[in-house]
Amino acid sequence: MESSEGIANETRHYELVLMVHPDQSEQVPGMIDRCKSFVTTRGGTVHRVEDWGRRQLAYPILKVAKAHYLLFNIECSKSDVRELDRSFKFNDAIIRHLCVSSPGIPEGSSAMMRVVQKEAAKKVETGVSSQDN
């Protein structure tokens, strides 16, 4: 019989999405580095990081209509995910976050990243600046 500590330290695959307040977009590279170092220093692995940029929200959250989206595919223990969750709750720059269990290591880029890349290519073709958002 395994102890509950052994189960908590078993690594699993997770998909983590962060929605960062648009006024805090300049802090995104630092957030990415902190999240990656948090996972790796505890023996976990970061399989993929995607910066989806600023996107329109379906409905306002905290009177904000846009957010900067980040996606992480990580492999770590349940206890590490709980600690990440707790730190996100107390970070005012993160307006929403969601961490769900994933069946395994993802291959290629996510569907949302492909949309972001198509939008960027379309802007280049039409000559629209990314600062027009």
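The values are calculated or read from the model by the stated rules, or taken from the named source; none is laboratory data. Bear in mind that the values here come from a model prediction, so they are computed numbers and not experimental data. Glycine also receives a Cβ, built like all others from the backbone with ideal geometry; neighbour counts cover every protein chain displayed.
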- Task: Determine which member of the set Ala67, Ala111, Ala93, Ala120 is exposed (fewer than 10 other Cβ atoms within 10 Å of the Cβ) and either of a type in the set (Gly, Ala, Ser) or modelled with pLDDT under 80 (or both).
- Result: Ala111
- When segment 17-58 is examined, which residues are found to be of a type in the set (Lys, Arg) and over 17 Å from Phe90 (Cα atoms)? Lys36, Arg42, Arg48, Arg54, Arg55
- In segment 54-78, how many are of a type in the set (S, T, N, Q) and free of Cβ contacts under 8 Å to residues at least 40 places away in the same chain? 1
- Query: When you go through Arg42, Arg96 one by one, which is the residue that is of a type in the set (D, E, K, R) and more than 19 Å from Ser25 (Cα to Cα)?
  - Reply: Arg42
- Task: Pairs only if they're at least six apart or on different chains, beta carbon under 8 angstrom, first in segment 26-51 and over 14 Å from Ser87 (Cα atoms) and in contact (Cβ under 8 Å) with a residue 40 or more places away in the chain, second assigned to a loop (DSSP other than H, G, I, E, B) and among the hydrophobic types (A, V, I, L, M, F, W, C); list them, first residue then second.
- Result: Gln27/Ala93; His47/Ile105
- Task: Report yes if Ser101 is over 18 Å from Asp23 (Cα atoms), surrounded by fewer than 18 Cβ atoms within 10 Å (Cβ to Cβ), touching a residue at least 60 places away in the same chain (Cβ under 8 Å) and over 15 Å from the mean Cα position of the chain (by Cα), otherwise no.
- Result: no
